[in-house]
Amino acid sequence: MTNHLLDCLVVGGGPGGLTAAVYLARFKRSCLVVDADDSRLKRIAKTRNVLGFPDGIAGSELLQRVREHAARYQVPVESGCVGTLAPLAGGGFEARDGERSWRARTVVLATGALDVEPEVEDLEQGLQHALVRYCPVCDGFETQGRRVAVLGKAGHGQREAAFVAGFGNEVTWLSMQTQHTVGEQEVERLRRRMRIADQAPRRIRCAPGDGVHVELADGQTLRFDLLYSALGLRHASELATSLGAGVLDDGQLAVDGHMQTTVPGLYAVGDVAGGLNQINVAAGHAAIAATAIHNSL
Ligand SMILES: Cc1cc2nc3c(=O)[nH]c(=O)nc-3n(C[C@H](O)[C@H](O)[C@H](O)COP(=O)(O)OP(=O)(O)OC[C@H]3O[C@@H](n4cnc5c(N)ncnc54)[C@H](O)[C@@H]3O)c2cc1C
């Protein structure tokens, strides 16, 4: 156990958690990061919308740079996965990972989210070759004039298909047998901008150099330059909800203007908190939370 009562424990060492830690260290606050080392940054072949990197930067390299930045201020980062978070009698929190525990006056949860993975053969290879993508806000710009499939149910899937069509792509919405839940007028409106393939895909295969092949239930095979998966995210909010923190409809944690959850002293930043899932947003959240924490202590 770390006997010392930290000013802040940061759970998660992606861009959100490490930015919070850098700010807190520069405010001369004692803080420590516990990280399970599975940042979504590691899955980004190259990001092109992080300011300061006009030629883009691989997610793994950006993560390394952010880690070096935190090391510059001697922020301790421990490998581990916090399993429980409990309130302390006199205020503050205790976090545990098996036998280890940490106590802190405040906690920043920066535990991120995991993409719901599509059933695609060779998914990792497809992601690395940018044949399969998760986020048109991130890289829709790079898809202009291509044949693009968007896999996702009515609601999220149809919105994402319309968004991707906005880049001048030839879009097919793979609606996973949910087209009947969309009103006729809306289907007509969508059909003016894209094709809709409602049958459930039987097999999706990445063929580097030859795009993505989608075999439908009737045996027909459709070929695309790339596929966006719009199956959503699972937000890693359990540590907060175990303390009664409020969540939004999509599973993100509800936060106030200082990024504080509905549990006093417990803050959330990045993908786990309400808002757009982006690196710049995670860093912005973290700057707000760290400054609010510093001013509150
Ligand atoms: C393929 C892909 C491409 C993307 N492209 C872009 C892009 O171009 N531009 C952009 O802005 N965004 C992009 N994103 C999104 C971006 O990666 C995320 O928005 C960003 O990483 C969120 O940062 P975060 O700190 O909230 O979470 P993460 O970076 O996911 O970090 C969370 C960390 O918390 C750790 N953790 C979780 N639970 C625990 C626990 N209980 N105890 C300890 N540690 C824990 C995890 O292991 C992880 O290391 C992309 C994402 C993907 C998957």
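The values are calculated or read from the model by the stated rules, or taken from the named source; none is laboratory data. Note that the coordinates shown come from a computational prediction; the quantities given were computed from them, not determined experimentally. For neighbour counting, all protein chains shown are included, and Cβ atoms are generated from backbone atoms with ideal geometry for every residue, glycine included. These area figures cover heavy atoms from the full protein model, side chains too; ligands, DNA and RNA do not enter into them. Shrake-Rupley method; radii C 1.70, N 1.55, O 1.52, S 1.80 Å.
Brief remarks on what is shown
- Positions within the stretch 163-197 being within 18 Å of Leu216 (Cβ to Cβ), assigned to a loop (DSSP other than H, G, I, E, B) and open to solvent by 50 Å² or more (accessible area, probe 1.4 Å), in sequence order: Met176, Gln177
- For Arg43, the criteria (1) in contact with a helix residue (DSSP H, G or I) (Cβ under 7 Å, 6 or more places away or on another chain); (2) open to solvent by less than 20 Å² (accessible area, probe 1.4 Å) hold in every case but one, which is (2).
- Given (1) part of a strand (DSSP E or B); (2) surrounded by fewer than 20 Cβ atoms within 10 Å (Cβ to Cβ); (3) within 9 Å of the ligand (Cβ to nearest atom), number of the condition Cys81 does not satisfy: (1)
- Filter pass, Ala240 being within 16 Å of the ligand (Cβ to nearest atom), under 23 Å from Arg40 (Cα atoms) and either open to solvent by less than 30 Å² (accessible area, probe 1.4 Å) or in contact with a helix residue (DSSP H, G or I) (Cβ under 6 Å, 6 or more places away or on another chain) (or both): yes
- The sole residue among Arg43, Arg72, Arg67 that is more than 8 Å from the ligand (Cβ to nearest atom) and closer than 26 Å to His129 by Cα is Arg67.
- In the stretch 245-292, the qualifying residues are those that are among the hydroxyl-bearing types (Ser, Thr, Tyr) and open to solvent by 30 Å² or more (accessible area, probe 1.4 Å), and the one that is nearest to the chain's Cα centre (by Cα) is Thr262.
- The strands (runs of 3 or more DSSP E) located wholly in the stretch 91-148 that include 1 or more residues which are out of contact with any Ser or Thr (no Cβ under 9 Å at 6 or more places or on another chain), open to solvent by 40 Å² or more (accessible area, probe 1.4 Å) and within 30 Å of Ala162 (Cα to Cα) occupy 113-115.
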